[in-house]
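Peer 1: If you scroll down you'll find the structure; I have some questions about it.
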Amino acid sequence: MITLRHADISDLSAVADFLYDVERFYGTVDFPPRQQWEQQIKSLLFTDAPAARVLLALEDDKPQGFASYIFLWPAAGVSKSLFLKELYVRETQRRRGVGAHLMSRLCSIAVESGSSRLEWTTDTDNSDAQKFYNKLGVSRASAKVMYRAEGDALVRLSRMQLGRE
């Protein structure tokens, strides 16, 4: 049976494991030392003003999947939206309902918090994720184009904004 609960500091190691798995999925091969990785997670998630919340899916008290999310404002009018940043289920647990449980609970959290919607993205080449989301019966949003500033572009744009370039 799948149970869901929000991660707390006692789950730091499990969250770190999941994030290693996610990074490997996206092709990362070089990781910082484990202690540094966990310290960064701790400083971002388990503080008075966390950067995100993590919802864990457990089976027999063993973490099988997670979802990280934040609230964004404004959404429609002056409402807020729940933004799903990452949904990940261990490969051995896929197609067993873990992801659907997580999505259902996220929708409940959105409704209970007064959010007007739940939003997320997936990579264009992640056909398995797209099939999963299609099975949930939600519509694909095509009205938005996602942009990302990172690395040198992020630094260059930060200097432009401050008039340093």
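Peer 1: I need a count of the residues in region 1-60 that are among the acidic types (Asp, Glu), surrounded by fewer than 11 Cβ atoms within 10 Å (Cβ to Cβ) and within 21 Å of Ala100 (Cβ to Cβ).
Peer 2: The number of residues fulfilling the criteria is 1.
Peer 1: Also, I was wondering about something else. Does region 9-41 hold any residues that are over 16 Å from the mean Cα position of the chain (by Cα), outside any helix (DSSP H, G or I) and either at negative phi or of a type in the set (Val, Ile, Thr) (or both), and which are they?
Peer 2: Thr28, Val29, Asp30, Phe31, Pro32, Pro33
Yes/no per residue for (1) more than 22 Å from Ala16 (Cβ to Cβ); (2) modelled with pLDDT of 95 or more; (3) within 15 Å of the chain's Cα centre (by Cα):
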site: Leu72; (1), (2), (3): yes, yes, yes
site: Ala76; (1), (2), (3): yes, no, no
site: Leu84; (1), (2), (3): no, yes, yes
site: Glu112; (1), (2), (3): yes, yes, no
site: Ala143; (1), (2), (3): yes, no, no
site: Ala149; (1), (2), (3): yes, no, no
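Peer 1: Also, I was wondering about something else. Return the residue satisfying two criteria in turn: it lies in region 110-125 and is surrounded by 14 or more Cβ atoms within 10 Å (Cβ to Cβ) and polar (S, T, N, Q), and of such residues it is nearest to Ala57 (Cα to Cα).
Peer 2: Thr122
Peer 1: From the residues in region 98-141 that are among the small types (Gly, Ala, Ser) and touching an Asp or Glu at 6+ places or on another chain (Cβ under 9 Å), which one is nearest to Trp73 (Cα to Cα)?
Peer 2: The residue in question is Ala141.
Peer 1: I've got another one for you. Filter region 91-109 down to residues that are more than 17 Å from Gly137 (Cα to Cα) and surrounded by 13 or more Cβ atoms within 10 Å (Cβ to Cβ), then give me how many there are.
Peer 2: Going through region 91-109 one residue at a time, the tally reaches 4.
Peer 1: Scanning for something surrounded by fewer than 14 Cβ atoms within 10 Å (Cβ to Cβ) and hydroxyl-bearing (Ser, Thr, Tyr), does region 66-78 turn up at least one residue?
Peer 2: Among the residues of region 66-78, not one is surrounded by fewer than 14 Cβ atoms within 10 Å (Cβ to Cβ) and hydroxyl-bearing (Ser, Thr, Tyr), which makes the answer no.
Peer 1: I've got another one for you. Considering (1) over 17 Å from Val22 (Cβ atoms); (2) surrounded by 10 or more Cβ atoms within 10 Å (Cβ to Cβ), say which one Gly137 fails and leave the rest.
Peer 2: If we test Gly137 against (1) over 17 Å from Val22 (Cβ atoms); (2) surrounded by 10 or more Cβ atoms within 10 Å (Cβ to Cβ), just (2) comes out false.
Peer 1: Let me ask something else about it. Which fully enclosed helices (runs of 4 or more DSSP H) of region 46-165 have 3 or more residues being closer than 26 Å to Ile9 by Cα and free of Cβ contacts under 8 Å to residues at least 60 places away in the same chain?
Peer 2: So the answer is 98-112.
The values are calculated or read from the model by the stated rules, or taken from the named source; none is laboratory data. Values in this document were obtained by computation on a predicted structure and should not be read as measured data. Glycine gets a Cβ as well: all are built from the backbone with ideal geometry, and neighbour counts include every protein chain shown.
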